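Down below is the structure, laid out as C-alpha cells.
The values are calculated or read from the model by the stated rules, or taken from the named source; none is laboratory data. Computed from a predicted model, the values in this text were never measured in an experiment. We place every Cβ from the backbone using ideal geometry, glycine too, and count neighbours over all the protein chains shown.
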Amino acid sequence: MSLDETEALHRLVAARSGYLATAGSDGRPHIVPLVFAVDDRTIVSMVDAKPKRSTDLRRVRNIRDNPSVSVLADHYEPDWSRLWWVRADGTAHILDSGFEQVAGLLRAKYPQYVDIDLVGPAIIIDIERVAGWASSTR
C-alpha cells in the first residue's frame, strides 16, 4: 500500500541507512550507500574519514554537475508482510565549509561518528517529493 507523506517521512527519518542516486552531466546513474540525517524536509550527509579509493568522489562531482538526486531507504526481512521502502527526490548542493550543524545532526544519529572524523564536504538535499510503499501498516 502507498504510504502517505507523513508516514513516508517518519520512516525516512528513522532509517539507519539508505542509497543516494546521482547522475552526472553524462546522464550515467551512480548509486552509493548513504548514512544521513533528516532535518525537517532536508536530508544531510557528509564525507567522513573512512578509507575511500579517492577523495574526488563521483557523488560530489555528479551533484555539482546535476543537482537532481534521489535517496532510497528500505526495510527487508524474510517476513514479507513487513517490507517497505521510501524514496525522497530533491535538489542537492555541496557545502564545502561551515558544516558544523550538519556534523552535529549526524553525530546525534550515529554514535560511530564520535571516533570517525567528518571531513566534508557536506551533501544537502532539499526534499521536493516523498513516496513510499509498505506491504502492511504494522
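Listing for the model above:
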{"quantity": "Any hit, segment 108-124, residues being touching a Pro at 6+ places or on another chain (Cβ under 9 Å) and closer than 16 Å to Ser17 by Cα", "calculated": "no"}
{"quantity": "Count of segment 109-120 residues which are at pLDDT below 95 and within 12 Å of Val44 (Cβ to Cβ)", "calculated": "2"}
{"quantity": "Residue match in segment 88-99 (condition: exposed (fewer than 15 other Cβ atoms within 10 Å of the Cβ), under 13 Å from the mean Cα position of the chain (by Cα) and either assigned to a loop (DSSP other than H, G, I, E, B) or of a type in the set (Ser, Thr, Tyr) (or both))", "calculated": "yes"}
{"quantity": "Boolean, Arg59 is assigned to a loop (DSSP other than H, G, I, E, B) and out of contact with any Gly (no Cβ under 9 Å at 6 or more places or on another chain)", "calculated": "no"}
{"quantity": "Residue count for segment 38-54, restricted to those that are surrounded by 10 or more Cβ atoms within 10 Å (Cβ to Cβ) and part of a loop (DSSP other than H, G, I, E, B)", "calculated": "3"}
{"quantity": "Flag for Ser81 being among the hydroxyl-bearing types (Ser, Thr, Tyr), under 15 Å from Gly18 (Cα atoms) and not in a loop (DSSP other than H, G, I, E, B)", "calculated": "no"}
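The rows are residues; the columns are (1) under 13 Å from the mean Cα position of the chain (by Cα); (2) crowded, with 19+ Cβ neighbours inside 10 Å; (3) modelled with pLDDT of 95 or more; (4) at negative phi.
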position	(1), (2), (3), (4)
His10	no, no, yes, yes
Asp56	no, no, no, yes
Val69	yes, yes, yes, yes
Ala73	yes, yes, yes, yes
Trp84	no, yes, yes, yes
Arg107	no, no, yes, yes
